[in-house]
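Derivation of every value follows stated rules applied to the coordinates shown; laboratory data play no part. Just so it is clear, the structure is predicted and the values come from calculations on it, not from any experiment. We place every Cβ from the backbone using ideal geometry, glycine too, and count neighbours over all the protein chains shown.
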Amino acid sequence: MQFNKSSFWSLLSNTNITIPIIQRAYTQGGRGNDTRIEEKGKKFLERLIEALRNSEKPILLDFIYGSESKNKVSPLDGQQRLTTLFLLHWYIAQKESRLDENVKETFLKFTYETRQSSRCFCEQLSAYTVPADRKEKLSDTIRNEKWYMSYSWNADPTICSMLGMLDKIDVSLKDDPNSYWDTLTSDVETCPITFFYTSLQKLNLSDDLYIKMNARGLELTDFEKLKAAFNQKIDEEGWDNKKDFKEKFGYKIDRDWTDLFWKYRGDDKIIDNELVNFIAGIAMYTYAINHTSSKKDEVEERIKNLANDPTKISPEDFNKDDYNYLVSCLDLYAEHNNDKIKAKTDLWNYTRKDSTLFEDFIFDNPNYKRKMDYYTYPMRVIFFAQTEYLLNNTFDEEKFNEWIRVVRNIVENSNIDSATTFISATNLIRELSKGSNDIYKFLITNDIASGHAKTQVEQEIEKARIIEQNVAHKQIIFDTEDTNFFKGDIDFALYCVDYDNTNVSSFNAEKLKNLQEIIKNELDVNKKITDDFKRAFLTIKNNDYFNKIWFSWSDSFGCYKRKLLEKNSDLVSYFVDSKDDNDRNYLKDLLVERMNKTSFAEIADNYSIP
């Protein structure tokens with residue numbers, strides 16, 4: 001087979017050299033754990049410099065070959081050598097003030113597909129001239145430049161190794177008075193550093209050989225593969241064609257968006273999982289909103305898979321509109337500290353203590369045990385509500401908190417434990433978000449088409465009517481909602497104060513305030529029922545609930561329970577949520593009686609046996 005003799009500058013001048021996705025990281029500059037590789041790179045550099053300094057000792061490198069397509073070479077064998085040659089050529093060009101526009105354009109033809117950060121670094125380096133008065137190491141000078149993206153680039157092994165090689169080149173050549181650029185870029189026959197090159201096509205080999213020959217290399221992380229695949233799809237589809245360089249996905253994901261997620265990095269100092277969680281979460285929304293009935297089963301399965309394993313995310317999960325929505329969401333949280341926004345509305349167990357919705361949405365910590373069965377989907381719905389508000393409104397703290405409150409109430413009092421119900425809830429929130437800047441006004445002036453959480457939505461409309469009639473009623477409604485006894489569903493509370501939904505004027509704020517204080521102070525669902533309550537409980541009507549509760553049957557043990565109510569949460573289960581009006585009336589009568597007394601003990605003490 002005929003190989004063509006070439007030099008680095010000759011090859012680069014005639015084609016683009018792109019290090020492909022499946023290649024391992026550049027290692028000849030060191031900074032890794034394998035000192036043998038670093039020593040090999042050091043000796044290789046010494047051979048190159050010796051060839052430059054001694055025209056009698058030119059060096060002919062080993063064979064280099066790769067895949068050719070559309071004026072682009074993707075090296076199969078030779079990535080390490082070509083990268084070192086790129087760095088050597090750049091160093092000499094800038095040292096000898098030869099970085100004119102044509103030379104810069106040629107350097108830009110050398111790039112990496114393996115990591116967007118490596119690609120961007122090569123682009124920035126190609127046009128960079130080192131300050132003549134620098135006193136520090138070359139790598140430190142570069143790291144201190146404004147264009148150097150410390151957060152992501154310091155974690156890129158290829159960039160770290162490139163900087164290490166540049167330091168070695170600098171030590172060898174910074175005090176060398178000779179000029180080498182003209183010799184290095186001369187005709188192939190006179191260039192002191194050459195190699196033989198051919199393409200895989202001429203060798204009748206396939207690209208599959210890449211994978212086999214790189215099996216020993218350092219595997220890219222899932223996120224690095226995702227970024228590379230995203231960039232490829234974006235380029236193929238032309239989604240970023242009309243954007244300025246600094247607005248493109250490849251630039252932002254290694255700069256603006258990295259800055260955002262860096263604050264939430266784990267102990268491993270890597271933000272890959274956090275970014276993957278965010279992208280997968282946004283894909284779940286776009287699937288839920290844009291799904292068609294004909295593909296319902298496929299969409300539900302995809303949402304379920306992404307919820308269980310966000311690393312399954314793929315560029316194929318996005319079309320152009322979905323991609324634009326993802327970019328809008330990333331930009332949204334990268335700006336104005338929107339990631340720090342925290343509603344003053346208590347979100348109960350839907351967020352961790354002291355964390356924000358954004359932080360929990362991207363949260364990645366295998367040591368933290370989430371209650372995944374009920375936690376994941378509901379939290380995602382609330383985060384979606386926050387995102388829709390921020391995307392569509394000028395932030396108003398009061399209106400934002402009211403919006404999140406309504407959403408919280410709906411989420412708490414509806415079933416969102418599957419992909420099916422997640423889709424239903426997400427579409428309800430999307431519909432309601434049109435009025436998120438004034439949710440109470442929207443609720444009373446618009447018909448809600450979504451059927452999700454219909455009962456709770458109707459209750460939110462009723463609350464909106466009460467608030468609209470007299471804004472002073474808002475706080476007592478909020479306070480009642482916030483008790484862990486009612487948790488957003490105050491239908492029973494309104495029933496206890498004889499509210500008539502056909503007459504908003506029948507709302508009695510003082511009675512509700514009285515009831516709310518009793519519930520908050522005496523019926524905390526996390527506590528056991530007091531003896532005074534049990535005594536008072538048996539004074540209502542004909543105390544027929546003594547028999548009902550005391551002799552209720554336990555299916556688990558196959559016997560009578562023989563106990564009265566144990567916890568305040570039992571009141572919610574047996575009475576508040578009961579479908580039997582007799583049950584609801586029984587507890588209502590007791591609470592009404594308590595509202596007219598100072599304590600449950602007083603009710604029992606004043607009871608007269610009939």
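When a/c is below 1.5 the answer is rounded, else prolate if a/b is larger than b/c, else oblate, so apply that to region 26-124 with a ≥ b ≥ c taken from the square roots of the Cα gyration tensor eigenvalues.
rounded
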How far is helix 272-290 tilted off the main Cα axis of the chain, in degrees rounded to 10, range 0 to 90?
60 degrees
Would you mind pulling out the separation of the Cα centroids of region 35-85 and region 460-493, in Å?
73 Å
For region 497-505, take each phi angle, set θ = phi - 60°, evaluate the Karplus expression 6.51 cos²θ - 1.76 cosθ + 1.60, and give the result in whole Hz per residue in order, putting x for glycine and proline.
9, 6, 6, 10, 5, 8, 9, 4, 5
Shape verdict for region 221-335, please, from the Cα gyration tensor: rounded (a/c under 1.5), prolate (a/b greater than b/c) or oblate.
oblate
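Kindly identify the chain as rounded, prolate or oblate by the Cα gyration tensor criterion: order the square roots of the eigenvalues as a ≥ b ≥ c, call it rounded if a/c is under 1.5, otherwise compare a/b with b/c, prolate if a/b is larger, else oblate. All intermediate terms of the calculation are to be shown ahead of the outcome.
Details: a/c = 3.20, a/b = 3.07, b/c = 1.04.
In terms of gyration-tensor shape, prolate.
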Cα centroids of region 268-342 and region 111-168: how far apart, whole angstrom?
31 Å
Order 54-63, 419-428, 10-19 from most to least packed using the mean count of other Cβ atoms within 10 Å.
419-428, 10-19, 54-63
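Grab the DSSP H runs of the chain that are 4 residues or longer, score each as -39,500 (n - 2.57), total them, divide by all residues and round the 222 nm result to the nearest 500 deg cm²/dmol.
Computed mean residue ellipticity for the chain: -15500 deg cm²/dmol.
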List the residues whose amide H sits under 5 Å from the amide H of residue 73, counting only those 5 or more places along or on another chain, with H placed 1.01 Å from N in the peptide plane.
16, 17, 18
Tell me the angle of helix 454-469 to the major Cα principal axis of the chain, expressed in degrees between 0 and 90 and rounded to the nearest ten.
80 degrees
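Write out the trypsin sites (Lys or Arg not before Pro) in region 471-513 meeting two conditions: DSSP loop, and at most 10 other Cβ atoms within 10 Å of their Cβ.
In loop regions of region 471-513 (DSSP not H, G, I, E or B), there are no sparsely surrounded trypsin sites (Lys or Arg not before Pro).
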Any idea what angle helix 372-392 forms with the longest principal axis of the chain, computed on alpha-carbon atoms, 0 to 90 degrees, nearest 10?
80 degrees
